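Here the structure is laid out as structure tokens; the discussion comes afterwards.
The values are calculated or read from the model by the stated rules, or taken from the named source; none is laboratory data. What you see is a predicted model; the values in this text were computed from it and never measured. Glycine gets a Cβ as well: all are built from the backbone with ideal geometry, and neighbour counts include every protein chain shown.
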Amino acid sequence: MNDFWLEFRRIQSMSSKGNQRIRVDTDGDLYTDLVTTDLPPGQDWAGPWAERPLRRLNGAELQSLQRLVADAGFADLPSNIARAGHDGFRDVLEVMLDGRVHAFVVERTEPPAPFVRIRNAMWKLAGPPFWP
């Protein structure tokens with residue numbers, strides 16, 4: 001077990017269909033969740049995380065992800081940026097690295113480059129339907 005985990009969540013403003021979340025836990029286990037139907041208002045997820053991970057990241061994948069987070073400057077980002085409106089996404093990225101937790105929320109606007117690099121890496125590790 002190490003001192004690193006991260007979780008990405010994308011929540012749509014107008015419908016829960018298409019909400020997604022990806023988590024890498026301290027053991028390197030990768031969990032994914034994609035909402036495929038509309039849920040009752042105020043409910044973002046159909047249930048808890050799956051009991052079993054999609055897969056476990058190998059050592060090189062986990063180290064690469066840790067390096068990306070450390071080198072991208074994620075910890076230097078503010079806690080949130082948002083643009084007014086009613087439609088769009090709220091993307092949340094929470095990371096624990098070296099015993100420190102940092103969360104960043106971006107709503108209805110283009111996220112900064114460090115956020116995009118980490119989000120894209122998580123989508124890629126999760127594979128389809130998150131990444132082509």
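Quick one: in region 42-54, of everything that is farther than 14 Å from I11 by Cα and under 16 Å from the mean Cα position of the chain (by Cα), which residue is surrounded by the most Cβ atoms within 10 Å (Cβ to Cβ)? Only one residue tops the list, namely P53. For region 108-118, the tally of residues that are buried (at least 19 other Cβ atoms within 10 Å of the Cβ) and more than 16 Å from L57 (Cα to Cα) stands at 3.
I'd like the full set of residues that are surrounded by 13 or more Cβ atoms within 10 Å (Cβ to Cβ), over 18 Å from L62 (Cα atoms) and either in contact with a Lys or Arg (Cβ under 7 Å, 6 or more places away or on another chain) or among the hydroxyl-bearing types (S, T, Y) (or both), limited to region 76-107. Hits for region 76-107 are G88, F89, D91, V92, V105, E107. Of the residues making up region 109-132, not a single one is part of a loop (DSSP other than H, G, I, E, B) and of a type in the set (K, R). Per the conditions (1) surrounded by 17 or more Cβ atoms within 10 Å (Cβ to Cβ); (2) under 15 Å from the mean Cα position of the chain (by Cα), the sole criterion not satisfied by L57 is (2).
Residues that are part of a strand (DSSP E or B) and at pLDDT 95 or above within region 12-45 comprise Q20, R21, I22, R23, V24, D29, L30, Y31, T32, D33, L34, listed in sequence order. One residue stands out in region 1-46 among those that are touching a residue at least 40 places away in the same chain (Cβ under 8 Å) and of a type in the set (D, E): the one that is nearest to L125 (Cα to Cα), namely E7. For region 63-80, the candidate set comprises residues that are of a type outside the set (S, T, N, Q) and either in a loop (DSSP other than H, G, I, E, B) or touching a residue at least 60 places away in the same chain (Cβ under 8 Å) (or both); within that set, the residue that is nearest to D25 (Cα to Cα) is L65. Of everything in region 12-41, what is crowded, with 18+ Cβ neighbours inside 10 Å and under 18 Å from V105 (Cβ atoms)? Give them in sequence order. If the condition is that a residue be crowded, with 18+ Cβ neighbours inside 10 Å and under 18 Å from V105 (Cβ atoms), then S16, N19, Q20, R21, I22, R23 are the ones that fit. Taking region 1-11 as the range and being more than 16 Å from V101 (Cα to Cα) and assigned to a loop (DSSP other than H, G, I, E, B) as the test, only M1 passes. Restricting region 1-11 to residues that are of a type in the set (A, V, I, L, M) and within 15 Å of Q66 (Cβ to Cβ), which is surrounded by the fewest Cβ atoms within 10 Å (Cβ to Cβ)? The qualifying residue surrounded by the fewest Cβ atoms within 10 Å (Cβ to Cβ) is M1. Within region 92-99, is there a residue that is in a strand (DSSP E or B) and farther than 22 Å from Q12 by Cα? The answer is yes; a qualifying residue exists.
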